[in-house]
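Here's the structure we're looking at; comments come further down.
The values are calculated or read from the model by the stated rules, or taken from the named source; none is laboratory data. All values derive from a computational prediction rather than experimental measurement. Positions of Cβ are generated from backbone atoms using ideal geometry, with glycine treated the same way; all protein chains shown enter the neighbour counts.
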(Lines give C-alpha, C1' and ligand atoms only; values in the text may rest on other atoms or scores of the structure.)
Protein backbone atom coordinates (compact mmCIF):
# COMPACT_ATOMS: atom_id res chain seq x y z
CA UNK A 1 0.00 0.00 0.00
CA UNK A 2 1.54 3.30 -1.08
CA UNK A 3 1.11 6.55 0.81
CA UNK A 4 -1.80 7.80 -1.38
CA UNK A 5 -3.76 4.60 -0.87
CA UNK A 6 -3.10 4.80 2.86
CA UNK A 7 -4.44 8.36 3.11
CA UNK A 8 -7.52 7.46 1.06
CA UNK A 9 -8.26 4.54 3.36
CA UNK A 10 -7.97 6.74 6.44
CA UNK A 11 -10.36 9.32 4.95
CA UNK A 12 -12.95 6.65 4.14
CA UNK A 13 -12.72 5.19 7.66
CA UNK A 14 -13.15 8.60 9.25
CA UNK A 15 -16.22 9.29 7.11
CA UNK A 16 -17.78 5.97 8.09
CA UNK A 17 -17.00 6.63 11.74
CA UNK A 18 -18.65 10.07 11.54
CA UNK A 19 -21.82 8.62 10.07
CA UNK A 20 -21.94 6.00 12.80
CA UNK A 21 -21.61 8.58 15.54
CA UNK A 22 -24.36 10.76 14.04
CA UNK A 23 -26.74 7.81 13.65
CA UNK A 24 -26.55 8.10 9.89
CA UNK A 25 -28.72 11.27 10.09
CA UNK A 26 -28.36 13.75 7.27
CA UNK A 27 -27.43 17.25 8.36
CA UNK A 28 -28.35 19.99 5.91
CA UNK A 29 -25.85 22.81 5.84
CA UNK A 30 -27.02 26.21 7.14
CA UNK A 31 -27.28 28.56 4.17
CA UNK A 32 -27.38 32.24 5.09
CA UNK A 33 -30.13 34.31 3.48
CA UNK A 34 -29.24 36.04 0.25
CA UNK A 35 -28.95 39.72 1.11
CA UNK A 36 -27.64 40.67 -2.30
CA UNK A 37 -31.06 40.78 -4.01
CA UNK A 38 -31.62 44.43 -4.97
CA UNK A 39 -34.86 46.17 -4.01
CA UNK A 40 -36.58 49.19 -5.48
CA UNK A 41 -36.66 51.61 -2.55
CA UNK A 42 -39.48 54.17 -2.63
CA UNK A 43 -39.85 56.87 0.01
CA UNK A 44 -43.29 57.88 1.28
CA UNK A 45 -43.96 61.14 3.11
CA UNK A 46 -47.21 60.35 4.91
CA UNK A 47 -48.98 62.37 7.62
CA UNK A 48 -49.79 60.12 10.56
CA UNK A 49 -53.21 61.56 11.38
CA UNK A 50 -54.73 62.58 8.04
CA UNK A 51 -55.02 61.30 4.49
CA UNK A 52 -53.62 57.94 5.63
CA UNK A 53 -55.39 56.10 2.83
CA UNK A 54 -52.77 57.58 0.47
CA UNK A 55 -50.09 55.17 1.69
CA UNK A 56 -52.66 52.38 2.01
CA UNK A 57 -53.51 52.72 -1.66
CA UNK A 58 -49.80 52.66 -2.46
CA UNK A 59 -49.36 49.54 -0.33
CA UNK A 60 -52.16 47.84 -2.26
CA UNK A 61 -50.24 48.46 -5.48
CA UNK A 62 -46.94 47.37 -3.92
CA UNK A 63 -48.39 44.02 -2.85
CA UNK A 64 -49.87 43.39 -6.30
CA UNK A 65 -46.64 44.34 -8.08
CA UNK A 66 -44.47 42.18 -5.83
CA UNK A 67 -46.86 39.24 -6.20
CA UNK A 68 -46.26 39.53 -9.95
CA UNK A 69 -42.46 39.55 -9.77
CA UNK A 70 -41.68 43.13 -8.82
CA UNK A 71 -40.29 45.86 -11.07
CA UNK A 72 -37.45 44.74 -13.35
CA UNK A 73 -37.48 41.61 -11.16
CA UNK A 74 -36.86 43.73 -8.06
CA UNK A 75 -39.29 43.71 -5.13
CA UNK A 76 -40.63 47.14 -4.21
CA UNK A 77 -39.76 48.33 -0.71
CA UNK A 78 -41.39 51.30 1.04
CA UNK A 79 -39.57 53.52 3.52
CA UNK A 80 -41.97 55.92 5.23
CA UNK A 81 -41.51 59.15 7.13
CA UNK A 82 -44.19 61.01 9.08
CA UNK A 83 -44.59 64.75 8.56
CA UNK A 84 -47.50 65.27 10.97
CA UNK A 85 -46.31 65.04 14.55
CA UNK A 86 -49.55 65.99 16.34
CA UNK A 87 -53.09 64.78 15.69
CA UNK A 88 -54.62 68.22 16.30
CA UNK A 89 -52.24 70.08 13.98
CA UNK A 90 -51.47 69.70 10.26
CA UNK A 91 -48.19 68.54 8.83
CA UNK A 92 -45.52 71.24 8.65
CA UNK A 93 -43.01 72.42 6.05
CA UNK A 94 -40.15 71.70 8.45
CA UNK A 95 -41.07 68.06 9.04
CA UNK A 96 -41.74 67.57 5.33
CA UNK A 97 -38.33 68.96 4.38
CA UNK A 98 -36.61 66.84 7.03
CA UNK A 99 -38.45 63.74 5.80
CA UNK A 100 -37.45 64.35 2.18
CA UNK A 101 -33.80 64.98 3.00
CA UNK A 102 -33.61 61.88 5.17
CA UNK A 103 -35.24 59.65 2.57
CA UNK A 104 -32.94 60.89 -0.18
CA UNK A 105 -29.63 61.32 1.64
CA UNK A 106 -29.77 58.52 4.20
CA UNK A 107 -32.09 55.96 2.61
CA UNK A 108 -31.17 56.65 -1.03
CA UNK A 109 -34.71 56.09 -2.27
CA UNK A 110 -35.28 56.10 -6.03
CA UNK A 111 -38.48 58.19 -5.91
CA UNK A 112 -40.77 60.01 -3.48
CA UNK A 113 -44.49 59.56 -2.92
CA UNK A 114 -46.08 62.58 -1.26
CA UNK A 115 -46.39 64.91 0.43
CA UNK A 116 -50.16 64.78 0.34
CA UNK A 117 -50.89 68.48 0.90
CA UNK A 118 -49.87 71.09 -1.66
CA UNK A 119 -48.31 73.43 0.91
CA UNK A 120 -45.83 70.72 1.89
CA UNK A 121 -45.33 69.49 -1.68
CA UNK A 122 -44.20 72.99 -2.68
CA UNK A 123 -41.47 72.76 -0.03
CA UNK A 124 -40.30 69.28 -1.02
CA UNK A 125 -40.42 69.80 -4.78
CA UNK A 126 -37.12 71.71 -5.08
CA UNK A 127 -35.36 69.04 -2.98
CA UNK A 128 -36.58 66.22 -5.21
CA UNK A 129 -35.73 68.20 -8.35
CA UNK A 130 -32.18 68.95 -7.26
CA UNK A 131 -31.59 65.31 -6.30
CA UNK A 132 -33.15 64.04 -9.55
CA UNK A 133 -35.75 62.03 -7.69
CA UNK A 134 -39.14 61.56 -9.28
CA UNK A 135 -41.76 63.06 -6.93
CA UNK A 136 -45.40 61.97 -7.10
CA UNK A 137 -47.39 63.99 -4.55
CA UNK A 138 -50.93 63.30 -3.46
CA UNK A 139 -51.74 66.97 -3.88
CA UNK A 140 -53.55 68.80 -6.69
CA UNK A 141 -52.05 72.30 -6.48
CA UNK A 142 -51.45 73.66 -9.97
CA UNK A 143 -48.11 75.21 -8.98
CA UNK A 144 -46.67 72.13 -7.27
CA UNK A 145 -45.03 70.98 -10.49
CA UNK A 146 -43.32 74.34 -11.08
CA UNK A 147 -40.32 73.16 -9.06
CA UNK A 148 -39.14 71.15 -12.04
CA UNK A 149 -39.59 68.33 -14.50
CA UNK A 150 -39.23 65.53 -11.93
CA UNK A 151 -42.56 66.42 -10.28
CA UNK A 152 -45.82 64.95 -11.66
CA UNK A 153 -49.32 65.29 -10.23
CA UNK A 154 -51.41 62.14 -9.91
CA UNK A 155 -54.80 63.52 -8.93
CA UNK A 156 -57.01 65.92 -10.88
CA UNK A 157 -55.33 69.38 -10.83
CA UNK A 158 -57.09 72.33 -9.26
CA UNK A 159 -57.77 74.27 -12.49
CA UNK A 160 -59.96 71.46 -13.79
CA UNK A 161 -61.60 70.91 -10.40
CA UNK A 162 -62.47 74.60 -10.15
CA UNK A 163 -63.82 74.72 -13.70
CA UNK A 164 -65.98 71.62 -13.18
CA UNK A 165 -67.43 72.77 -9.87
CA UNK A 166 -68.17 76.26 -11.19
CA UNK A 167 -70.01 74.81 -14.21
CA UNK A 168 -71.84 72.35 -11.97
CA UNK A 169 -72.94 75.15 -9.65
CA UNK A 170 -74.36 77.19 -12.51
CA UNK A 171 -75.69 74.57 -14.90
CA UNK A 172 -76.99 71.70 -12.76
CA UNK A 173 -80.75 71.45 -12.27
CA UNK A 174 -80.21 71.06 -8.54
CA UNK A 175 -78.37 74.37 -8.08
CA UNK A 176 -78.70 76.80 -11.03
CA UNK A 177 -76.50 79.21 -9.09
CA UNK A 178 -75.67 82.70 -10.28
CA UNK A 179 -73.96 83.91 -7.09
CA UNK A 180 -71.38 82.30 -4.83
CA UNK A 181 -69.24 82.84 -1.76
CA UNK A 182 -65.82 81.25 -1.36
CA UNK A 183 -63.85 80.20 1.71
CA UNK A 184 -60.19 79.16 1.94
CA UNK A 185 -57.73 78.26 4.69
CA UNK A 186 -55.14 80.93 5.42
CA UNK A 187 -51.66 79.91 4.29
CA UNK A 188 -52.90 76.74 2.60
CA UNK A 189 -51.67 76.50 -1.00
CA UNK A 190 -54.28 73.92 -2.00
CA UNK A 191 -57.48 75.67 -0.93
CA UNK A 192 -56.22 79.10 -2.03
CA UNK A 193 -55.32 77.76 -5.48
CA UNK A 194 -58.62 75.94 -5.85
CA UNK A 195 -60.70 78.95 -4.74
CA UNK A 196 -58.92 81.09 -7.33
CA UNK A 197 -59.65 78.48 -10.00
CA UNK A 198 -63.34 78.31 -9.03
CA UNK A 199 -63.73 82.09 -8.90
CA UNK A 200 -62.11 82.55 -12.32
CA UNK A 201 -64.33 79.90 -13.92
CA UNK A 202 -67.50 81.11 -12.16
CA UNK A 203 -67.06 84.73 -13.22
CA UNK A 204 -66.18 83.66 -16.76
CA UNK A 205 -69.60 81.98 -16.85
CA UNK A 206 -71.12 85.33 -15.80
CA UNK A 207 -71.56 84.30 -12.19
CA UNK A 208 -70.90 86.72 -9.32
CA UNK A 209 -68.66 86.15 -6.30
CA UNK A 210 -70.43 87.97 -3.46
CA UNK A 211 -67.87 87.29 -0.74
CA UNK A 212 -64.49 85.62 -0.28
CA UNK A 213 -63.32 84.88 3.25
CA UNK A 214 -60.86 82.73 5.15
CA UNK A 215 -60.24 80.95 8.43
CA UNK A 216 -57.05 80.07 10.29
CA UNK A 217 -55.78 76.48 10.63
CA UNK A 218 -57.19 74.97 13.81
CA UNK A 219 -59.98 77.55 14.07
CA UNK A 220 -63.20 76.40 15.72
CA UNK A 221 -65.21 79.62 15.99
CA UNK A 222 -66.32 80.83 12.57
CA UNK A 223 -68.89 83.38 13.78
CA UNK A 224 -67.54 86.45 11.98
CA UNK A 225 -67.01 84.62 8.68
CA UNK A 226 -70.45 83.01 8.80
CA UNK A 227 -72.14 86.33 9.63
CA UNK A 228 -70.41 88.03 6.68
CA UNK A 229 -71.47 85.28 4.27
CA UNK A 230 -75.00 85.13 5.63
CA UNK A 231 -75.49 88.82 4.90
CA UNK A 232 -74.76 88.28 1.18
CA UNK A 233 -77.14 85.31 0.68
CA UNK A 234 -75.14 83.44 -1.99
CA UNK A 235 -76.65 80.61 -4.00
CA UNK A 236 -73.68 78.31 -3.22
CA UNK A 237 -70.69 78.36 -0.89
CA UNK A 238 -67.42 76.93 -2.23
CA UNK A 239 -65.27 75.74 0.68
CA UNK A 240 -62.60 73.26 -0.49
CA UNK A 241 -60.43 73.04 2.65
CA UNK A 242 -59.53 70.18 4.97
CA UNK A 243 -60.98 68.39 7.96
CA UNK A 244 -61.64 69.06 10.79
CA UNK A 245 -62.22 72.75 10.04
CA UNK A 246 -64.58 72.41 7.05
CA UNK A 247 -67.12 70.02 8.64
CA UNK A 248 -67.08 72.17 11.79
CA UNK A 249 -67.65 75.31 9.70
CA UNK A 250 -70.58 73.73 7.85
CA UNK A 251 -72.05 72.60 11.17
CA UNK A 252 -71.81 76.16 12.56
CA UNK A 253 -73.34 77.57 9.38
CA UNK A 254 -76.33 75.24 9.68
CA UNK A 255 -76.77 76.23 13.32
CA UNK A 256 -76.81 79.87 12.19
CA UNK A 257 -79.65 79.06 9.78
CA UNK A 258 -77.67 79.00 6.53
CA UNK A 259 -79.26 76.46 4.19
CA UNK A 260 -77.10 77.26 1.17
CA UNK A 261 -75.49 74.30 -0.62
CA UNK A 262 -71.81 73.78 0.18
CA UNK A 263 -69.37 72.69 -2.51
CA UNK A 264 -65.94 71.27 -1.76
CA UNK A 265 -62.72 70.03 -3.30
CA UNK A 266 -60.86 66.74 -3.51
CA UNK A 267 -59.55 67.16 0.05
CA UNK A 268 -63.04 66.24 1.23
CA UNK A 269 -62.39 62.70 0.07
CA UNK A 270 -60.39 61.97 3.21
CA UNK A 271 -63.74 60.38 3.67
CA UNK A 272 -63.62 58.48 6.93
CA UNK A 273 -62.15 61.39 8.87
CA UNK A 274 -64.17 64.08 7.10
CA UNK A 275 -67.45 62.35 7.93
CA UNK A 276 -66.27 61.55 11.44
CA UNK A 277 -65.69 65.11 12.66
CA UNK A 278 -69.29 65.87 13.64
CA UNK A 279 -71.41 63.70 15.89
CA UNK A 280 -74.14 63.83 13.25
CA UNK A 281 -72.65 63.86 9.76
CA UNK A 282 -76.09 64.26 8.16
CA UNK A 283 -75.46 67.98 8.74
CA UNK A 284 -73.29 67.68 5.60
CA UNK A 285 -76.15 66.27 3.50
CA UNK A 286 -76.72 67.95 0.17
CA UNK A 287 -73.08 68.96 -0.26
CA UNK A 288 -71.07 68.10 -3.37
CA UNK A 289 -67.37 67.65 -4.00
CA UNK A 290 -65.08 66.36 -6.78
CA UNK A 291 -62.69 63.45 -6.66
CA UNK A 292 -60.71 61.46 -9.20
CA UNK A 293 -62.21 58.11 -8.20
CA UNK A 294 -65.49 56.33 -7.66
CA UNK A 295 -65.80 52.90 -6.08
CA UNK A 296 -68.95 52.42 -8.17
CA UNK A 297 -66.97 52.22 -11.43
CA UNK A 298 -67.27 48.68 -12.77
CA UNK A 299 -64.15 48.79 -14.96
CA UNK A 300 -61.96 45.70 -14.37
CA UNK A 301 -58.86 47.75 -13.50
CA UNK A 302 -60.78 49.80 -10.96
CA UNK A 303 -62.27 46.72 -9.36
CA UNK A 304 -58.83 45.07 -9.16
CA UNK A 305 -57.80 48.04 -7.03
CA UNK A 306 -61.00 47.97 -4.98
CA UNK A 307 -60.78 44.24 -4.24
CA UNK A 308 -57.08 44.40 -3.44
CA UNK A 309 -57.62 47.32 -1.08
CA UNK A 310 -60.54 45.71 0.69
CA UNK A 311 -58.56 42.51 1.16
CA UNK A 312 -55.85 44.44 2.98
CA UNK A 313 -57.92 46.99 4.88
CA UNK A 314 -61.45 45.61 5.15
CA UNK A 315 -63.27 48.60 3.68
CA UNK A 316 -63.68 50.42 0.37
CA UNK A 317 -61.01 52.89 -0.80
CA UNK A 318 -61.47 56.62 -1.39
CA UNK A 319 -59.98 59.08 -3.86
CA UNK A 320 -56.91 59.67 -1.68
CA UNK A 321 -56.17 55.93 -1.75
CA UNK A 322 -56.63 55.89 -5.52
CA UNK A 323 -53.91 58.52 -5.90
CA UNK A 324 -51.44 56.46 -3.86
CA UNK A 325 -52.26 53.35 -5.85
CA UNK A 326 -51.90 55.02 -9.23
CA UNK A 327 -48.65 56.71 -8.22
CA UNK A 328 -46.93 53.35 -7.68
CA UNK A 329 -48.49 51.71 -10.72
CA UNK A 330 -47.45 54.61 -12.95
CA UNK A 331 -43.93 54.61 -11.50
CA UNK A 332 -43.57 50.87 -12.08
CA UNK A 333 -44.81 51.29 -15.65
CA UNK A 334 -42.30 54.09 -16.33
CA UNK A 335 -39.39 52.08 -14.91
CA UNK A 336 -40.31 49.02 -16.96
CA UNK A 337 -40.55 51.22 -20.06
CA UNK A 338 -37.14 52.76 -19.34
CA UNK A 339 -35.69 49.31 -18.71
CA UNK A 340 -33.34 50.50 -15.97
CA UNK A 341 -33.21 52.66 -12.85
CA UNK A 342 -31.98 55.64 -14.82
CA UNK A 343 -33.61 58.82 -13.42
CA UNK A 344 -33.66 60.69 -16.72
CA UNK A 345 -35.01 57.74 -18.70
CA UNK A 346 -37.70 57.04 -16.10
CA UNK A 347 -38.72 60.69 -15.97
CA UNK A 348 -39.00 60.78 -19.76
CA UNK A 349 -41.05 57.58 -19.76
CA UNK A 350 -43.37 59.04 -17.11
CA UNK A 351 -43.93 62.16 -19.21
CA UNK A 352 -44.97 59.97 -22.14
CA UNK A 353 -47.67 58.06 -20.23
CA UNK A 354 -50.75 57.57 -22.39
CA UNK A 355 -54.03 55.71 -21.89
CA UNK A 356 -53.19 54.54 -18.38
CA UNK A 357 -55.88 52.54 -16.59
CA UNK A 358 -55.68 51.74 -12.91
CA UNK A 359 -57.74 53.04 -9.99
CA UNK A 360 -58.35 55.98 -12.31
CA UNK A 361 -57.67 56.58 -16.01
CA UNK A 362 -55.18 59.10 -17.40
CA UNK A 363 -55.31 60.07 -21.05
CA UNK A 364 -51.88 61.74 -20.96
CA UNK A 365 -49.81 64.38 -19.18
CA UNK A 366 -49.90 67.99 -20.34
CA UNK A 367 -46.95 70.39 -20.57
CA UNK A 368 -47.31 71.24 -16.85
CA UNK A 369 -47.05 67.57 -15.88
CA UNK A 370 -50.71 67.59 -14.86
CA UNK A 371 -52.73 64.45 -15.67
CA UNK A 372 -55.58 64.79 -18.13
CA UNK A 373 -58.32 62.66 -16.63
CA UNK A 374 -62.00 62.55 -15.76
CA UNK A 375 -63.50 63.85 -12.56
CA UNK A 376 -66.22 62.32 -10.42
CA UNK A 377 -68.65 64.46 -8.45
CA UNK A 378 -69.79 62.91 -5.18
CA UNK A 379 -72.65 63.97 -2.95
CA UNK A 380 -73.41 63.36 0.71
CA UNK A 381 -76.75 61.82 1.63
CA UNK A 382 -77.80 60.42 5.00
CA UNK A 383 -74.31 61.16 6.29
CA UNK A 384 -72.66 58.99 3.64
CA UNK A 385 -70.88 59.61 0.36
CA UNK A 386 -72.69 58.64 -2.83
CA UNK A 387 -71.60 58.72 -6.47
CA UNK A 388 -73.28 61.55 -8.41
CA UNK A 389 -71.77 61.90 -11.91
CA UNK A 390 -68.60 61.63 -14.00
CA UNK A 391 -67.24 64.66 -15.85
CA UNK A 392 -64.83 64.04 -18.73
CA UNK A 393 -61.92 66.44 -19.43
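Hey, does region 197-210 have a residue that's surrounded by 18 or more Cβ atoms within 10 Å (Cβ to Cβ), under 26 Å from residue 279 (Cα atoms) and not assigned by TED's automatic domain parsing to the domain that holds residue 88? Looking for residues that are surrounded by 18 or more Cβ atoms within 10 Å (Cβ to Cβ), under 26 Å from residue 279 (Cα atoms) and not assigned by TED's automatic domain parsing to the domain that holds residue 88, one finds none in region 197-210, hence no.
Against the definition (in contact with a helix residue (DSSP H, G or I) (Cβ under 8 Å, 6 or more places away or on another chain), farther than 22 Å from residue 92 by Cα and without any contact (Cβ under 8 Å) to a residue 60 or more places away in the chain), how does residue 207 come out, yes or no? Spelling it out, residue 207 is indeed in contact with a helix residue (DSSP H, G or I) (Cβ under 8 Å, 6 or more places away or on another chain), farther than 22 Å from residue 92 by Cα and without any contact (Cβ under 8 Å) to a residue 60 or more places away in the chain. The single condition among (1) at pLDDT below 95; (2) in a helix (DSSP H, G or I) that residue 174 does not meet is (2). Listed by position, the helices (runs of 4 or more DSSP H) contained in region 236-345 that have at least 2 residues being modelled with pLDDT of 95 or more and closer than 25 Å to residue 115 by Cβ are 245-255, 300-313, 319-338.
In the condition set (1) over 23 Å from residue 170 (Cβ atoms); (2) touching a helix residue (DSSP H, G or I) at 6+ places or on another chain (Cβ under 6 Å); (3) part of a helix (DSSP H, G or I), residue 227 is compliant with all but (2). Within region 258-267, the set of residues being under 19 Å from residue 220 (Cβ atoms) and surrounded by fewer than 21 Cβ atoms within 10 Å (Cβ to Cβ) comprises 258 only. What do you reckon, is residue 96 modelled with pLDDT under 95, in the same structural domain as residue 306 (by TED's automatic domain parsing) and in contact with a helix residue (DSSP H, G or I) (Cβ under 8 Å, 6 or more places away or on another chain)? Here the answer is no, as residue 96 does not meet what is asked.
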